[in-house]
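The values are calculated or read from the model by the stated rules, or taken from the named source; none is laboratory data. Computed from a prediction, not measured in an experiment: that's the story for all the values here. Ideal geometry is used to build each Cβ from the backbone, glycine not excepted, and the neighbour counts take in all protein chains shown.
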Amino acid sequence: MQQRPIPGTILFDGAQAMKGYALNRMCFSFNDAVNRAAFKADEEAYMQHYALSPGQADAIRRRDVLGLLAAGGNVYYLAKFAGILGLDVQDLGAAQTGLTKAEFKERLLRHQTQPAAAHP
Amino acid sequence: MQQRPIPGTILFDGAQAMKGYALNRMCFSFNDAVNRAAFKADEEAYMQHYALSPGQADAIRRRDVLGLLAAGGNVYYLAKFAGILGLDVQDLGAAQTGLTKAEFKERLLRHQTQPAAAHP
Amino acid sequence: MARIVGGLTTSHVPAIGGAIAKGLQGEPYWKPFFDGFLPVHRWLDEVKPEVAVVFYNDHGLNFFLDKMPTFAVGAAPEYRNADEGWGIPTLPPFQGQPDLSWHIIEHLVEREFDVTTCQEMLVDHAFTLPLKLFWPQGVPVTTVPVCINTVQFPLPSARRCYALGQAVGEAIRSWDSDKRVVVIGTGGLSHQLDGERAGFINKPFDLKFMDSLVNDPEWATQYSIHELVEKTGTQGVELLMWLATRGAVPGRVRKVHTNYHIPISNTAAGMMALEAL
Amino acid sequence: MARIVGGLTTSHVPAIGGAIAKGLQGEPYWKPFFDGFLPVHRWLDEVKPEVAVVFYNDHGLNFFLDKMPTFAVGAAPEYRNADEGWGIPTLPPFQGQPDLSWHIIEHLVEREFDVTTCQEMLVDHAFTLPLKLFWPQGVPVTTVPVCINTVQFPLPSARRCYALGQAVGEAIRSWDSDKRVVVIGTGGLSHQLDGERAGFINKPFDLKFMDSLVNDPEWATQYSIHELVEKTGTQGVELLMWLATRGAVPGRVRKVHTNYHIPISNTAAGMMALEAL
Ligand SMILES: [Fe+3]
Ligand SMILES: [Fe+3]
């Protein structure tokens, strides 16, 4: 099913889900504080336990959000990794758009003045 | 949804599923050999851990298959409890029908001569 | 037979949990959001629902990709909240209404919805926070959670979610009980957390969508999931919960109150209270 | 596009695993059962399927009542067998065919089947033993498991399962591949393990049902689940897998071979091989 791509957007479909399984499984484990502590204590051992691919491990090491998405990460599970780093969704937004956090927030605010009547 | 009862048959529906949750959860754990060993080592402690109701615990103690079904047990999970006891499905059949195992097998065999053409 | 008093919909951003825990409801950032709920509190004091059926989407707390259901219905005596990994306070358990759960499950399977039945189910911020927003003084309702997959594509279509809502509504109205039931849908409105398009918001679409729920509830079912992502963002598709809610409250409705505020976190925060007529 | 070569159905009693492990295929008790597969082995040598889509029901290995799906589709690179609690030998993993899995999942959701997607999935005797029965020398096919709930009521209706099969068949035939695919359904025929009615068998119904699958495949969809339990026993409803299989092999079929033998364990053991025309 070919559909026109949405710029700046990766849909988490079967292809992504297959690619990202190990990474997402690791991030799902971060629901548990014990696992978050284990990751922080030894990131490399923890990633090895979940059998991350070299590309996934590298993106984790570099805290590279776009890289993690490209490697099959799903935003709902990656959010738990962001939690470990103490990042909120606006930090993530800034990181992915190349803006500072202040600029990113400013951009969000500008949406307030979108005209209501424009064609949806 | 009232439907005519089927004699000698309890359908594992929502009411049974609610009643039997703790019992079935315990039996589901018996997929794992470590858990089977733990049960065998101390049945009472194991049942307490899974918070069985008094009636469920009693039916387990008495190896009472019909009692376990009445207490919300599901045959697919109870089969794993039967596995611990070394019972096969014909032992269970005999126990539930009040026959000896030989009589139960004999009854199964008699179905060979059911006429094929009878109205289904 | 049970009676549906109306439908409530709201965004469910995790940060709301922090704001409630820290008592920031009156701060300039939060006030326009929390104030939107005040008229709804008054309405709820009048209609006094006793049970809430809640359409929400799990964010990786209860479901993982090893077993990812399209539609999941809770059938537990209580639903526990749990750590989601980022430190918003864990709330005490919410009471279930298992007899209604099973009645809904039986009706849905009869209507050819292939649900996953959950006799144990952890509920995340998408379930818990809206209940705290609608009932800040303490949640007086028992609950039935209905979870719709927005994690992994393919997602169920808008039309399918609306039909799910209709079937849930039929089930509630045929439940042998004299209880008053409110239907709640949580999520949306437009936002996108991931990718270079993060921060995307579409105010014109959101307002049109909110408007449609009052008098033209099937309007959004014209769009494919792909189109909805395009128009509302990867997380904007959570509007499926709003659609299911409106499907469950059939016929004409009275708009009790609506609110729309940009932004809460990265989200265009919307809220609607619709009374069944 | 891929081609469906035909459908295979068989009972899947756990004791078969013990008989295979101990090499009892020639014993008087087992010979009438195992001999039924010999003509099918010859047919499979001719048509050489490369992929098997397997409709089966889980018996409490992979799914518990905390998350019990109506329909679950495997999407894993391999499927592991595991201890089911009663000591039949655990078999080595079976290879998946994830691209077909996802193609089926996408098609099913588009056709409004609300499947649960499983990127990890333990498979029990109902999946493993039929593959060993059809390919005793080693299983040459990759696999896609499709699991139908027979554990907890409400079960999907016979009509719904037949429709599921039809949609799976459409998906296979629109899969962009030149592979030969066989559809397998495991379970039944009439038997009941639980209650005072344990040991129930209905030979006339079984034979009529097997007959119907050749030329009148929708015949059994006239019955409700309740009626099917009445006529075939609490575990006899596993015939839903046979119905789904026949739904996936549309149009006319040629009967390659059938076998029916009472009893294996408590079960009326049936087997059919149908070639797509
Ligand atoms: Fe959300
Ligand atoms: Fe079976």
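Scanning the range D:80-97 for residues that are touching a Pro at 6+ places or on another chain (Cβ under 6 Å) and modelled with pLDDT of 95 or more turns up D:R80, D:G96. Applying the selection to the range D:157-187, what residues are within 14 Å of chain B (Cβ to nearest Cβ) and crowded, with 24+ Cβ neighbours inside 10 Å? Residue satisfying the conditions is D:G187 alone.
Of everything listed in (1) touching a residue at least 12 places away in the same chain (Cβ under 8 Å); (2) within 16 Å of ligand 2 (Cβ to nearest atom); (3) assigned to a loop (DSSP other than H, G, I, E, B), the single unmet condition for D:V139 is (2).
Hey, among the residues in the range D:87-106 that are assigned to a loop (DSSP other than H, G, I, E, B) and surrounded by fewer than 23 Cβ atoms within 10 Å (Cβ to Cβ), which one's farthest from the other protein chains (Cβ to nearest Cβ)? Even if it seems obvious, please write down each step before you answer.
So in the range D:87-106, the residues assigned to a loop (DSSP other than H, G, I, E, B) come out as D:87-93, D:97.
Next, from what is left, pick out any that are surrounded by fewer than 23 Cβ atoms within 10 Å (Cβ to Cβ): D:87-93.
Working: D:G87: 7, D:I88: 10, D:P89: 13, D:T90: 11, D:L91: 15, D:P92: 18, D:P93: 16 Å.
So, considering only residues that are assigned to a loop (DSSP other than H, G, I, E, B) and surrounded by fewer than 23 Cβ atoms within 10 Å (Cβ to Cβ), the one farthest from the other protein chains (Cβ to nearest Cβ) is D:P92.
For D:L240, the conditions (1) in contact with a strand residue (DSSP E or B) (Cβ under 7 Å, 6 or more places away or on another chain); (2) free of Cβ contacts under 8 Å to residues at least 12 places away in the same chain all hold with the exception of (2).
Identify, please: which residue in the range D:35-62 is in contact with a helix residue (DSSP H, G or I) (Cβ under 7 Å, 6 or more places away or on another chain) and assigned to a helix (DSSP H, G or I) and is, among those, nearest to ligand 1 (Cβ to nearest atom)? Out of the qualifying residues, it is D:L44.
I need every pair where a residue in the range A:15-37 that is within 9 Å of chain C (Cβ to nearest Cβ) has its Cβ under 7 Å from the Cβ of a residue that is β-branched (V, I, T), sequence separation at least 6 or different chains. Listed pairs, sorted by first residue: A:Q16/A:I10; A:F30/A:I84; A:R36/A:I84. Residues of the range D:45-67 that are within 14 Å of chain B (Cβ to nearest Cβ) and within 16 Å of ligand 2 (Cβ to nearest atom): D:Y56, D:N57, D:D58, D:H59, D:G60, D:L61, D:N62, D:F63. Scanning the range D:201-221 for residues being more than 10 Å from every other protein chain (Cβ to nearest Cβ) and over 16 Å from D:T245 (Cβ atoms) gives a total of 0.
Which residue is farthest from the chain's Cα centre (by Cα), if the candidates are limited to the range D:107-149 and must be among the hydroxyl-bearing types (S, T, Y), crowded, with 23+ Cβ neighbours inside 10 Å and away from every other protein chain (no Cβ under 14 Å)? Only one residue tops the list, namely D:T143. Might you check whether a residue that is hydrophobic (A, V, I, L, M, F, W, C), within 9 Å of chain D (Cβ to nearest Cβ) and not in a helix (DSSP H, G or I) occurs anywhere in the range B:43-62? The answer is no; no qualifying residue exists. When the range C:142-167 is filtered for residues that are under 16 Å from C:E218 (Cα atoms) and either within 16 Å of ligand 2 (Cβ to nearest atom) or of a type in the set (A, V, I, L, M) (or both), the ones remaining, listed by number, are C:A158, C:A163, C:L164, C:A167. If you go through the range B:1-14 and keep only what is more than 7 Å from every other protein chain (Cβ to nearest Cβ) and in contact with a helix residue (DSSP H, G or I) (Cβ under 9 Å, 6 or more places away or on another chain), you end up with just B:R4. Quick check on my filter: what residues within the range C:222-271 are out of contact with any Gly (no Cβ under 9 Å at 6 or more places or on another chain) and of a type in the set (V, I, T)? Correct list: C:I225, C:I262, C:I264. Return yes when D:G247 is farther than 21 Å from D:V13 by Cβ and in contact with a Lys or Arg (Cβ under 8 Å, 6 or more places away or on another chain) and no when it is not. Against the criterion (farther than 21 Å from D:V13 by Cβ and in contact with a Lys or Arg (Cβ under 8 Å, 6 or more places away or on another chain)), D:G247 does not qualify.
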